[in-house]
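**Student:** The structure is given below, and queries will be raised subsequently.
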Amino acid sequence: MSNQKKRNFQIEAFKHRVVVDPKYADKTWQILERAIHQIYNQDASGLSFEELYRNAYNMVLHKFGEKLYTGFIVTMTAHLKEKSKLIEAAQGGSFLEELNKKWNEHNKALEMIRDILMYMDRTYIESTKKTHVHPMGFSLWRDNVVHFTKIHTRLLNTLLDLVQKERTGEVIDRGLMRSVIKMFMDLGESVYQEDFEKPFLDASSEFYKVESQEFIESCDCGDYLKKAEKRLTEEIDRVAHYLDPKSEEKITSVVEKEMIANHMQRLVHMENSGLVYMLLHDKYEDLGRMYNLFRRVTNGLLTVRDVMTSHLREMGKQLVTDPEKSKDPVEFVQRLLDERDKYDKVISTAFGNDKTFQNALNSSFEHFINLNARSPEFISLFVDDKLRKGLKGFVDVDVEVILDKVMMLFRYLQEKDVFEKYYKQHLAKRLLSGKTVSDDAERSLIVKLKTECGYQFTSKLEGMFTDMKTSEDTMRGFYGSHPELSEGPTLIVQVLTTGSWPTQPAVPCNLPAEVSVLCEKFRSYYLGTHTGRRLTWQTNMGTADIKALFGKGQKHELNVSTFQMCVLMLFNNADRLSYKEIEQATEIPASDLKRCLQSLACVKGKNVIKKEPMSKDIGEEDSFYVNEKFTSKFYKVKIGTVVAQKETEPEKQETRQRVEEDRKPQIEAAIVRIMKSRKILDHNNIIAEVTKQLQPRFLANPTEIKKRIESLIERDFLERDSTDRKLYRYLA
Amino acid sequence: MDRIDQLFNQYANRSSNLIDPEGIEKLCSNLDVSHTDIRILMLAWKMKAEKQGYFTNEEWRRGLKALRADTLNKLKKALPELEKEVRRPTNFADFYAYAFNYCLTEEKQKSIDIETICQLLEIVMGSTFRAQVDYFVEYLKIQNDYKVINMDQWMGLYRFCNEISFPDMGNYNPELAWPLILDNFVEWIAEKQA
């Protein structure tokens, strides 16, 4: 008893074989076959799922899986063949409906059958690697119905017909379409693509090819684009409603190709309605549409951009080279700003602020602004006008906006050093005549220029402001230490540091006694506190306010230039003076004197002096006397001309020459800098590097660079290499 | 006092102890050579003479010793050899540069006026580059950009004659580092030929 082995409790399979009646399999199959028939005949309500499942299970269990599988296939096939005939017999519109109906029925049946045969699916089919029931049901449908020759083509054509109808505006049964097309999708991606999608795309391509041709012959650009957009939207809508989402990209490609890509050039260049027309007339909506459509195709935006660029360049070129438009510099610049604003708005409203378009705009402006060599001068004159009076009443923010716009134009200039020269001249005039609207605005612009161009650009300009400020302090000190001078004429001196201000030669001029006494007192005061300096009176830059009493008792305060003051004061001691007498007394050079007399005697409304003879020009034999009958409705009369103006031809030449002279040392400095660091460099590279270094200021001329190199060679800064003539060496 | 010195004294100025322009003229006529002949210049080169128109005793000795001549006759006979020697490419460039420096008469002078350059060109290059010299001299007289020529331009011209095919100038490239005056010269010729 104690040695009893412990035995595990085992369950053992039947040791004897279960003998199955061979007829058992047939009987079982017949039950199932009948069930399948009933299912297909919509007569399944009486069936017991449990019973059928068990039957199928038993067959598989007793190794009759193959019989079951084969039977299933044969039975289903027979049914499907029958169904095909029925579908094929359907007429007209009901064809599709029949197909759809039968498909739905088949699906339902298939599911039921699959459920019944699930054990076979999981065991026999798994182990034999045969096709599972559900996929097999689909394949059988595909082979026996869809690919049935009498159905295949008819089905496709029916579907395509319906699409065509819908495209021409008819309403179709979208639900039916969706159902049938989903059938394709369910049958497999390759079935969908081969049997439906590909033919669909081909047919669509044909359709749009024809339609686009019709449209392009009959519509203008704006309308065409509207139609194209509409078609595109429709197709996307179509996909959403009854096609495979994967088809969206393919069908939109077709539309894009046929409607847009194939007609791109023609659309953009269309007379009186294409891109240029739209740009000129601010057609933001059309432009936006064009942008959105064209960006879908290769090189679409490139095409638009190119046409826009050449239009801009052409328009810009005409603008800047038209002599009419160059008459008024302020107008000229305003036009440029307006055009830029316009295209900026187009790009931000219609082109989604696309950076490549911004760049095209900038490069176009840069190109044509520099076609007119006077652009730098004109921009400075524009700024002068604004800082002088144009900004009066503007709020700070608005001032900044205008200055920023000016800076934008400034950036386009290739010859920034020319701008600097003019800006300095104009600034000097503004400061000296006290004609700045806003000191803050002046300073703000200088800061912007400094940020853009660096410290050197603006250091002299800032020096000018400092001089003005220092002069104020000096004047206070002067009158402070000479209280006795507070009676008598008031002298205001601006002491300008040479080098910061535009150079002017000092012009001789005899000041009236009262004035020159004051000037001398100032000179000694100033030199007393600043030994070692030299003061030179710039009589051609000053102004004077004189109180005048005329013949009939009219009192006026005249604002005149220094020269004019000298002339007028002479008439305190003489009623009548000849030209020669005036010339002798004042010692003002002839050309300046003539201009001065002209502005005093020949300008209507300002002729405080009368001239005999009454000709327009000043002759050396003329004589002058006070115009006792002078009237003006203003008490203060301005006669002096110190306003900045567009230069005359000779003046312009002179300025240009000075600019060229100034460039020489800059080029040399650049060459020396480069050679100092590189030690040895070949000719082409020097030219390239120098040009690059100087580019923020001006465009250097290769011939000029060569000249400077030779000059440096002569002065032993550089030498040519003895063996390779293309090389230069730096001589320490 | 040896024969070289004796020969020197025949031409030298008593008070300055230099052979001056007058002396050189006399020497030239004795040698049967024009004083603008290139061979006199070559002689000066051989002597490494510093001042144009003058030979010092030292320079004289240097030159004649190198030529192994201590009589007028030997000197005369040595001239063809001297010319051959100078015309050797390695020496000619040096001689060419020497010729320029020889004409710098003022202290700190670095350039030579157009007139003198034309004469110098004629002497130094007239026999070898006839056409180029003729054209260049004509151009120099017409142009206004330069009133004097410096060493760099002078040497540039030498390279030009040696490297650029004339008168087609097909291998001239103005974008290289040729002196600007030559760029202008080439352009001028092209216009003339058109």
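The values are calculated or read from the model by the stated rules, or taken from the named source; none is laboratory data. As the structure is a prediction and not an experimental result, all values here were calculated from the model. Counting neighbours? That spans all protein chains shown, and the Cβs are built from the backbone with ideal geometry, glycine included. Accessible surface areas use protein heavy atoms only, side chains included; no ligands, DNA or RNA. Shrake-Rupley method; radii C 1.70, N 1.55, O 1.52, S 1.80 Å.
**Student:** Going by what's in this entry, would A:I73 be described as part of a helix (DSSP H, G or I), of a type in the set (A, V, I, L, M) and open to solvent by less than 10 Å² (accessible area, probe 1.4 Å)?
**Tutor:** No.
**Student:** I'm checking my understanding of the structure. Among residues of region A:220-248 that are out of contact with any helix residue (DSSP H, G or I) (no Cβ under 7 Å at 6 or more places or on another chain) and assigned to a loop (DSSP other than H, G, I, E, B), which one is most open to solvent (accessible area, probe 1.4 Å)?
**Tutor:** A:K246
**Student:** Report whether or not B:V137 is among the β-branched types (V, I, T), closer than 20 Å to B:A97 by Cβ and either buried (at least 18 other Cβ atoms within 10 Å of the Cβ) or within 11 Å of chain A (Cβ to nearest Cβ) (or both).
**Tutor:** Criteria not met by B:V137.
**Student:** Considering A:K325, A:K392, which residue is at pLDDT below 95, open to solvent by 20 Å² or more (accessible area, probe 1.4 Å), of a type outside the set (A, V, I, L, M, F, W, C) and closer than 27 Å to A:F698 by Cα?
**Tutor:** A:K325
**Student:** Could you please tell me which pairs satisfy a Cβ distance under 8 Å, a separation of 6+ or placement on different chains, a first residue in region A:567-586 that is free of Cβ contacts under 8 Å to residues at least 60 places away in the same chain, and a second residue that is among the polar types (S, T, N, Q) and open to solvent by 20 Å² or more (accessible area, probe 1.4 Å)?
**Tutor:** Once the first residue is free of Cβ contacts under 8 Å to residues at least 60 places away in the same chain and sits in region A:567-586, its partners that are among the polar types (S, T, N, Q) and open to solvent by 20 Å² or more (accessible area, probe 1.4 Å) give A:R576/A:S623; A:L577/A:S623; A:S578/A:S623; A:Y579/A:S623.
**Student:** Would you be able to say whether some residue in region A:663-672 is modelled with pLDDT of 90 or more and in a loop (DSSP other than H, G, I, E, B)?
**Tutor:** Within region A:663-672, not a single residue is modelled with pLDDT of 90 or more and in a loop (DSSP other than H, G, I, E, B).
**Student:** Determine whether region A:508-525 contains at least one residue that is acidic (D, E) and modelled with pLDDT of 90 or more.
**Tutor:** So far as region A:508-525 goes, yes, one or more of its residues are acidic (D, E) and modelled with pLDDT of 90 or more.
Table: residues versus (1) touching a Cys at 6+ places or on another chain (Cβ under 6 Å); (2) closer than 19 Å to A:N540 by Cβ; (3) open to solvent by less than 60 Å² (accessible area, probe 1.4 Å); (4) not in a helix (DSSP H, G or I).
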| position | (1), (2), (3), (4) |
| --- | --- |
| A:V560 | no, yes, yes, yes |
| A:A574 | no, no, yes, yes |
| A:E581 | no, no, no, no |
| A:L593 | no, yes, yes, no |
| A:N607 | no, no, yes, yes |
| A:F624 | no, no, yes, yes |
| A:K633 | no, no, no, yes |
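A quick yes/no check of all residues on (1) within 9 Å of chain B (Cβ to nearest Cβ); (2) part of a loop (DSSP other than H, G, I, E, B):
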{"site": "A:I687", "(1), (2)": "yes, no"}
{"site": "A:V690", "(1), (2)": "no, no"}
{"site": "A:Q693", "(1), (2)": "no, no"}
{"site": "A:P696", "(1), (2)": "no, yes"}
{"site": "A:L699", "(1), (2)": "no, yes"}
{"site": "A:K707", "(1), (2)": "yes, no"}
{"site": "A:L712", "(1), (2)": "no, no"}
{"site": "A:E719", "(1), (2)": "yes, no"}
{"site": "A:T723", "(1), (2)": "no, yes"}
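**Student:** Look at region B:22-79 and say how many of its residues are more than 17 Å from B:A12 (Cα to Cα) and open to solvent by 50 Å² or more (accessible area, probe 1.4 Å).
**Tutor:** Number of matching residues: 12.
**Student:** Give the residue, chosen from A:F138, A:F148, that is over 30 Å from A:D237 (Cα atoms) and aromatic (F, W, Y).
**Tutor:** Among A:F138, A:F148, only A:F148 is over 30 Å from A:D237 (Cα atoms) and aromatic (F, W, Y).
**Student:** Here's something else I'd like to know. Can you tell me which of (1) under 38 Å from the mean Cα position of the chain (by Cα); (2) within 22 Å of A:K552 (Cα to Cα) is the one A:P665 doesn't meet?
**Tutor:** (2)
**Student:** Please specify each residue of region A:652-674 satisfying the condition of being loosely packed, with under 13 Cβ neighbours inside 10 Å and farther than 30 Å from A:F717 by Cα.
**Tutor:** A:Q653, A:E654
**Student:** Filter region B:5-49 down to the residues that are over 19 Å from B:R61 (Cβ atoms) and not in a helix (DSSP H, G or I) and list them by number.
**Tutor:** B:S15, B:D32, B:V33, B:S34, B:H35, B:T36, B:D37, listed by residue number.
**Student:** Residues in region A:171-191 that are among the charged types (D, E, K, R) and assigned to a loop (DSSP other than H, G, I, E, B): how many?
**Tutor:** Result for region A:171-191: 1.
**Student:** Let me ask something else. Please list, ordered by first then second residue, the pairs with beta carbon atoms under 8 Å, 6 or more apart or interchain, first in region A:318-343 and over 21 Å from A:H281 (Cα atoms), second acidic (D, E) and open to solvent by 70 Å² or more (accessible area, probe 1.4 Å).
**Tutor:** What qualifies is A:K325/A:E331.
Conditions (1) surrounded by fewer than 20 Cβ atoms within 10 Å (Cβ to Cβ); (2) modelled with pLDDT of 90 or more, marked per residue:
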| residue | (1), (2) |
| --- | --- |
| A:E649 | yes, no |
| A:S677 | yes, yes |
| A:A700 | no, yes |
| A:I709 | no, yes |
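**Student:** A follow-up question, please. Considering only residues that are part of a helix (DSSP H, G or I) and out of contact with any helix residue (DSSP H, G or I) (no Cβ under 7 Å at 6 or more places or on another chain), look in region A:673-685 and name the one that is nearest to A:K726 (Cα to Cα).
**Tutor:** Within region A:673-685, the match that is nearest to A:K726 (Cα to Cα) is A:H683.
**Student:** Related question: Anything in region B:156-170 that is open to solvent by 40 Å² or more (accessible area, probe 1.4 Å) and within 13 Å of chain A (Cβ to nearest Cβ)? List them, or say none.
**Tutor:** B:R159, B:N162, B:E163
**Student:** Residues in region A:506-514: is at least one among the hydrophobic types (A, V, I, L, M, F, W, C), in contact with a Phe, Trp or Tyr (Cβ under 6 Å, 6 or more places away or on another chain), assigned to a loop (DSSP other than H, G, I, E, B) and without any contact (Cβ under 8 Å) to a residue 40 or more places away in the chain?
**Tutor:** Among the residues of region A:506-514, not one is among the hydrophobic types (A, V, I, L, M, F, W, C), in contact with a Phe, Trp or Tyr (Cβ under 6 Å, 6 or more places away or on another chain), assigned to a loop (DSSP other than H, G, I, E, B) and without any contact (Cβ under 8 Å) to a residue 40 or more places away in the chain, which makes the answer no.
Each row is one residue, and each column tells you yes or no for (1) out of contact with any helix residue (DSSP H, G or I) (no Cβ under 6 Å at 6 or more places or on another chain); (2) not in a helix (DSSP H, G or I).
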{"position": "B:I112", "(1), (2)": "yes, yes"}
{"position": "B:E115", "(1), (2)": "yes, no"}
{"position": "B:C118", "(1), (2)": "no, no"}
{"position": "B:L121", "(1), (2)": "no, no"}
{"position": "B:A131", "(1), (2)": "yes, no"}
{"position": "B:Y135", "(1), (2)": "yes, no"}
{"position": "B:Y139", "(1), (2)": "no, no"}
{"position": "B:N144", "(1), (2)": "yes, yes"}
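**Student:** Which of (1) within 14 Å of another protein chain (Cβ to nearest Cβ); (2) in a helix (DSSP H, G or I); (3) under 19 Å from A:I713 (Cβ atoms) is the odd one out, the single condition B:V186 does not satisfy?
**Tutor:** Exception for B:V186: condition (3).
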